[in-house]
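Trainee: Take this structure, written in structure tokens, and hold onto it; I'll ask about it next.
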Amino acid sequence: MLIQIDIDYPAEKMAASGRRMAARASFGYTDRVPVGFCLVPRYFAPLFDLPYKALFESAREQYYWQLQFLKWRLENIPEDIVCHGPAIAVGPYFDNVLDSAAFGAEVVWPENETLHCRPVIHSVEQMANWPMPEPGTGLWGQARDWWLQMRELAKETRLTFNGSEGHVVLNILCPSGLSPHMIAIDLVGHEFYAWQLECPELCHAFLGRITDALIAATHYFKEIDPRPWGGYGLADDTATAMSPAMFKEFCVPYSGRLFDTFGADFKFGRGLHMCGQSTHLLPALAEDLRITSFDLFGYLVEPEVVARALGGKALLWGNINPMLMLNGTATQVKQAARAALAALAPCGGLLLGDGANVCPGTPVANLAALTEAATEYGLPTVTARTHA
């Protein structure tokens with residue numbers, strides 16, 4: 001036995017969270033709106049006085065720390081998305097660089113900052129001739145190898161919840177979910193926006209080839225890990241700088257093809273994450289991409305606007321200001337949560353959370369304020385539901 005870990009997390013809490021999340025999937029609620037946060041390793045590393053870069057030294061090292069982070073999370077942060085039964089899930093994690101790095105973007109590995117990419121394409125001609133990755137190469141290959149190693153480590157781990165046996169499972173092996181447009185921006189940089197106007201045909205060809213490579217990589221991962229998926233989602237953060245017309249031309253066809261390929265069989269197979277100010281794109285998200293969930297949408301979007309555009313059509317997850325959660329008082333955070341609940345909870349299917357990404361150093365009391373607000377708000381009356 002390599003690792004033994006006991007988590008103080010009662011079965012009653014698991015079951016209650018599971019019921020809340022199951023009801024949300026039908027645009028309903030049980031006792032209150034569920035709560036969930038985007039809490040990633042950069043939040044937890046300082047709590048353990050751990051250099052962030054240490055998480056990427058080996059699969060074994062990352063596996064061990066993911067278990068410690070999940071134990072701390074479950075024992076200290078009241079939310080509903082992590083644990084619904086006697087199991088916790090882990091998997092290879094590379095911030096937001098996994099897909100872009102596989103396509104050849106340069107990865108920066110700081111000591112105590114998140115991983116990020118540097119552009120490597122500096123001319124239109126270079127873009128036109130840029131080679132697409134083979135499935136299982138580059139950082140995709142490392143993710144595959146780490147996933148296989150973690151699967152073996154899980155077999156040698158004894159996990160208990162309050163002394164009762166549990167088990168470690170592996171997250172689904174797949175690309176990280178960056179949209180083709182996000183990958184193009186990582187490879188080219190901000191110049192890609194100008195190139196879309198100056199040489200649209202070449203940009204379309206580039207985005208099409210990226211999409212083809214993502215489809216091939218996803219099929220490759222599915223052969224290794226054939227377990228059924230629960231849904232399909234993408235991140236399209238770079239689109240917020242675009243007009244609706246540009247978004248429809250350069251994002252919708254490629255993200256849409258991925259949704260059609262991998263999300264068609266799921267009730268919520270068209271999930272989209274979009275940080276930043278996306279108000280101007282909401283009609284296109286509803287009508288052109290036909291998203292079925294809007295995941296961790298940016299705090300700059302007014303909840304009332306989201307409710308009008310997507311309420312009852314898509315599950316909603318968001319969208320309290322992360323800087324308020326970091327620097328504000330628990331009372332201020334609770335006030336913001338109450339305002340979001342008033343606007344969004346009646347739509348059905350709300351998951352109250354950040355909008356988006358919890359900053360390191362955010363007080364636990366400010367995270368708990370969201371659950372307190374949801375508890376005080378109680379059981380919402382659903383007034384707008386088009387998906388049942």
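Trainee: Among DSSP beta bridges whose residues both lie in the chain, state the antiparallel percentage, nearest 5.
Mentor: Once the DSSP bridges in the chain are tallied, antiparallel ones form about 20 percent.
Trainee: Before anything else, pin down the relative contact order of the chain: Cα pairs under 8 Å, at least 6 apart, normalised by residue count, whole percent.
Mentor: 20 percent
Trainee: Moving on to the next point. Calculated FRET efficiency, ALA286 and THR30, Cβ-Cβ r, R0 30 Å, to nearest 0.05?
Mentor: 0.65
Trainee: Within the set LYS267/LYS334; LYS13/LYS71; LYS13/LYS155, which residue pairs have Cα atoms separated by over 20 Å?
Mentor: LYS267/LYS334; LYS13/LYS155
Trainee: Next up: Would segment 172-301 count as rounded, prolate or oblate if I go by the C-alpha gyration tensor, calling it rounded below 1.5 in a/c and otherwise prolate when a/b exceeds b/c, oblate otherwise?
Mentor: Verdict is oblate for segment 172-301.
Trainee: May I pose another question? Compute the separation of the alpha-carbon centres of segment 300-319 and segment 358-380 and state it in Å as a whole number.
Mentor: Answer, in whole Å: 19.
Trainee: I've got another one for you. How much length would be gained if the chain were fully extended between GLU201 and ASP260, taking 0.36 nm per residue of separation minus their Cα-Cα distance, in nm to one decimal?
Mentor: 19.0 nm
Trainee: Under DSSP H, which helices of the chain have Cα atoms covering 24 Å or more of the helix axis and a Kyte-Doolittle average no less than -1.0?
Mentor: 138-155, 200-224
Trainee: Hey, fewest Cβ within 10 Å first, where do MET132, MET182 land in order?
Mentor: Least to most surrounded, the residues fall as MET132, MET182.
Trainee: Grab the Cα-Cα distance for TRP109 and ALA22, subtract it from 0.36 nm times how many residues apart they are, and report the gain in nm with one decimal.
Mentor: 27.5 nm
Trainee: If you don't mind, there's one more thing I want to ask. Take PHE56, PHE69 and order them by how many other Cβ atoms sit within 10 Å, fewest up front.
Mentor: PHE56, PHE69
Trainee: Can I ask one more? Please arrange ILE183, ILE7, ILE172 by counting, for each residue, the other beta carbons lying within 10 Å of its beta carbon, fewest first.
Mentor: Starting with the residue having the fewest Cβ neighbours, the order is ILE172, ILE7, ILE183.
Trainee: Another question, if that's okay. Segment 78-228: D in µm²/s via Stokes-Einstein (Kirkwood Rh, Cα pairs, 4 °C, 1.567 mPa s)?
Mentor: Using the Kirkwood radius from Cα pairs, D works out to 75 µm²/s.
Trainee: What is the gain in length, in nm to one decimal, between ALA339 and HIS219 on full extension, counting 0.36 nm per residue of separation less the C-alpha to C-alpha distance?
Mentor: 39.0 nm
Trainee: Find the centroid of the Cα atoms in segment 212-280 and in segment 115-148, then give the distance between the two in whole Å.
Mentor: Result: 18 Å between the Cα centres.
Every read-out reported here was derived from the displayed coordinates using simple, explicitly stated rules and does not represent laboratory data. Keep in mind that this is a model prediction, so the values were computed, not measured. Ideal geometry is used to build each Cβ from the backbone, glycine not excepted, and the neighbour counts take in all protein chains shown.
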